[in-house]
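Below: one structure, written as structure tokens.
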Amino acid sequence: MDPTSLALIALDLADIRKDKEEAFEYFLRAWHQAHVPSATMRLVSMYLPLNSTADLEDSDSTGEDAARGTTEYYLRCIGGSRGVAQLYLEAGLLHLEGAATTLLSASYSSLSSIRMPLQSQIGEGGTEAWKRDREAASKYFERARALQPDLDIPSLSAEGASHVELEIPSLDLAATSTPESVQSGPESLQTDPEYDVPTIRRRQKKRAEMEIVNASKTDLEEMDDTWLMYIPGTIMRTWDVNFLRNGGQAADRPRALIILNQPFSVPLFQRLWNSTGWHCCADGGANRLHDVFLEVPDADEARLRHLPDLIKGDFDSLNPDVRAFYASHGVSVIQDDDQDSTDLMKCIQALEEKELRDNSEVGPPSSSFTAISDHDDSQQQYDIVLLGGLAGRLDQTIHTLSYLHKLRKSRQRVYAVTDDNVGWVLDDGEHELKIDHDVLGPTCGLLPVGIDSTILSTRGLRWNLERHPSSFEGMVSTSNHLVPHEDVWVSTSKPIWWTAELRQLGNIG
């Protein structure tokens with residue numbers, strides 16, 4: 001998961017859910033990955049304040065058996081005295097820049113600080129605020145120097161000085177930037193292989209000014225024009241195809257199966273039926289459900305074990321005898337003659353009406369965690385599995401591609417499955433795909449349908465992409481291969497279709 005998402009989840013856990021210990025794990029990961037400023041300030045204010053490490057230099061043994069929630073546990077996780085010294089150095093720099101108060105003042109005020117220079121967020125402060133920040137920075141620097149004397153720590157001038165002067169021992173300014181430069185290339189930065197070292201940058205105004213920027217290689221690599229994808233609501237989403245497992249698996253979210261008017265095999269149908277809780281046939285899909293048991297022993301008994309909850313459509317395809325059979329066994333059969341919506345759209349509408357009824361009985365959500373969470377238990381939304389939609393008539397296939405592209409704005413997960421493929425839309429942002437290699441592969445693809453172009457990065461594929469443009473007029477990643485035993489990570493700047501080949505499935509039991 002990217003550092004921004006980790007920091008946002010940690011803030012929510014700490015400020016809304018009041019789960020301090022779980023929040024620590026996310027703050028810790030965000031700090032280790034990218035030294036995120038908001039994570040730095042929360043770690044020193046909530047878990048490792050200055051007074052908690054007063055005796056650390058005398059005894060650097062943190063113990064492997066430290067209980068979670070103890071100072072010893074925090075120290076071990078942060079990296080002992082060296083890690084704490086680096087943490088205090090960064091906290092001091094944030095105070096010196098005047099950014100610390102901003103980062104601690106509100107839960108999500110730190111969002112842009114993760115991707116943009118902190119100076120742009122610093123508001124006006126008076127002399128007293130400046131003195132307080134300077135005093136706090138001095139304490140953090142002093143503590144960091146005591147913990148790790150060989151770490152380059154800024155030295156503040158005496159209290160009576162009219163302006164702040166920073167002296168960084170043994171720092172070669174010639175190796176970092178020229179006096180006139182404001183930004184430096186990656187090759188000009190001298191960084192300790194294990195710890196980031198603050199770099200001085202100078203620029204000429206009416207009088208010389210000195211900026212402190214925590215310039216790490218990670219920060220420079222991530223400062224690009226795609227940072228906007230890392231905002232609340234578009235954090236990395238995890239996907240799986242557990243509904244294709246043999247025998248079905250209990251889902252942490254409810255699933256709905258919508259059967260379209262396209263042929264399918266008994267093994268595929270069995271898996272999807274068993275792993276979904278609400279079943280609907282779109283018009284002629286009821287014919288397919290009825291006839292799939294023609295060659296099954298005890299066909300009538302099998303049909304009675306697989307009665308759908310709903311059959312809906314304009315019924316231009318539904319056979320009269322099939323309609324009569326299901327109606328006689330208590331299945332809800334609803335004819336909708338609206339010609340401005342397809343049978344699939346009518347079934348989705350019926351599911352949304354069911355969700356409204358179900359959620360009205362549960363009540364409103366208990367927290368705002370849904371803004372950055374995959375789902376909220378008190379406002380359940382079904383994952384949708386379409387049986388069909390990617391085969392047969394081209395115009396119907398295009399409708400499936402188009403409709404699922406639109407549904408991404410209102411539905412969390414919608415899959416389309418045939419005997420040959422499974423596919424779904426990945427919205428802009430990052431995605432982790434849990435690959436079941438017994439079910440999927442070996443081929444897969446990323447299709448830029450419904451967009452002009454996108455920028456793709458991937459991991460876990462035989463031919464990975466790194467910020468590569470993809471469009472119908474340019475490169476389209478087809479016939480790619482999954483890497484055995486690996487999951488897949490995808491980052492895309494615009495919505496894109498993910499497809500994977502479905503292996504031949506066997507009958508259940």
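Values quoted throughout were computed directly from the atomic coordinates according to the rules given, and no laboratory measurement underlies them. What you see is a predicted model; the values in this text were computed from it and never measured. Cβ atoms come from the backbone with ideal geometry, glycine included; neighbour counts cover every protein chain shown.
Listed cross-link partners K434/K494; K18/K139; K20/K354; K20/K494; K409/K434 are compared with a 32 Å cut-off, the Cα-Cα value being larger for K20/K354; K20/K494.
For D150 and D240, the FRET efficiency from 1/(1 + (r/R0)^6), where r spans their Cβ atoms and R0 equals 51 Å, is about 0.60. Spin-label model, A54 to E135: label points 7 Å out along the Cα-to-beta-carbon direction sit 1.8 nm apart.
Per-residue extension of 0.36 nm, minus the Cα-Cα distance of A302 and E473, leaves a gain of 56.7 nm for this segment.
Computed extension gain for D252 through E72, at 0.36 nm per residue and net of the alpha carbon distance, reaches 61.3 nm. Diffusion coefficient (Stokes-Einstein, Kirkwood radius over C-alpha pairs, 20 °C, 1.002 mPa s) for the range 384-463: 153 µm²/s, rounded to a whole number. Listed peptides 142-149, 38-45 appear in the order 38-45, 142-149 once ranked by packing, highest mean of other Cβ atoms within 10 Å at the front. Computed on the range 243-330, the Cα convex hull volume stands at 96 Å³ per residue.
A straight chain from V483 to D395 at 0.36 nm per residue would run longer than the Cα-Cα distance by 28.4 nm.
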